[in-house]
Amino acid sequence: MADHSQKLIIITAPSGAGKTSVTKYLLEKISQIAFSVSATTRKARSNEINGVDYYFIGEEEFHKKIRENDFIEWEMVYEGKYYGTFKSELKRIWKAGKIPLLDIDVKGAIHVHEQFDNNCLTLFIEPPSIEELKRRLESRGTESLENIQTRLNKAVFELSFKHQFNKIVINDDLQVACKESEAVVKEFLGLK
Ligand code: 5GP
């Protein structure tokens, strides 16, 4: 069982809102937190490392882990692509004396928040507009046109849940969004 009296931080956003950049910034700036590595059945991108960015596993193994109740949450984030957070990953980080930082999708974030309640800080990174989100996803160059459209449709849906989170950070200017997120996380951890 994961220990629900322990703290954790969740950062969520529609794909392309700048969540990964904010996550990296927070991990560099705040030594008390550590990245929670999720499991996924999607293929690794060329710059990704197994065990660092994700635990890349097959669908069969993913389903076995679901049956064995090894996930704190899991979602089919995109058609046929599963993502989930292992309970053992959170335990590993707490054991190292750190607070896990989860970069997960909106539905997953809501599920974890329900379980951890006040011990959990949830940040929602909001893109300035859907047009800007489209531009960012296109310039990233890692997704097909079809994938971009799927992600945009999902973004519109996800934006409707933003008020369920502790803090909404609008990523108009990345530097400002990073600083704002840093202040909220430090306050939650009693670091200032
Ligand atoms: P990507 O394929 O671009 O790495 O991630 C797609 C989406 O899946 C992102 O919104 C990311 O935050 C989310 N994601 C990553 N890991 C998890 C997880 O463990 N659980 C859930 N629910 N979503 C995740």
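The values are calculated or read from the model by the stated rules, or taken from the named source; none is laboratory data. None of the values given here were measured: they were computed from a predicted structure. Heads up, the Cβs are rebuilt from the backbone with ideal geometry, glycines too, and the neighbour counts pull from every protein chain shown.
So F116 ticks every box in (1) surrounded by 17 or more Cβ atoms within 10 Å (Cβ to Cβ); (2) at pLDDT 95 or above; (3) away from the ligand (no atom under 12 Å from the Cβ) but one. Which box is left unticked?
F116 satisfies every listed condition except (2).
What's the number of the only condition in (1) away from the ligand (no atom under 12 Å from the Cβ); (2) modelled with pLDDT of 95 or more; (3) small (G, A, S) that A44 fails to meet?
(1)
Which pairs have Cβ atoms under 8 Å, sit 6 or more apart or on different chains, and link a residue in the stretch 83-94 that is within 12 Å of Q6 (Cα to Cα) to one that is within 12 Å of the ligand (Cβ to nearest atom) and of a type in the set (V, I, T)?
Qualifying pairs under 8 Å: L90/I72.
Using the structure shown, decide if G141 is in contact (Cβ under 8 Å) with a residue 60 or more places away in the chain and small (G, A, S). Reasoning before the result, please.
Numbers: in contact (Cβ under 8 Å) with a residue 60 or more places away in the chain: no; small (G, A, S): yes.
No: the conditions fail for G141.
Only strands (runs of 3 or more DSSP E) wholly contained in the stretch 15-119 count here; list those with 1 or more residues that are among the β-branched types (V, I, T).
Once the strands (runs of 3 or more DSSP E) in the stretch 15-119 are filtered for at least 1 residues that are among the β-branched types (V, I, T), what remains is 33-35, 38-40, 71-78, 81-86, 99-103.
Suppose we keep only residues that are within 25 Å of A155 (Cα to Cα) and without any contact (Cβ under 8 Å) to a residue 40 or more places away in the chain within the stretch 1-50. Which one would you say is nearest to the chain's Cα centre (by Cα)?
Per the stated criteria, the residue is K24.
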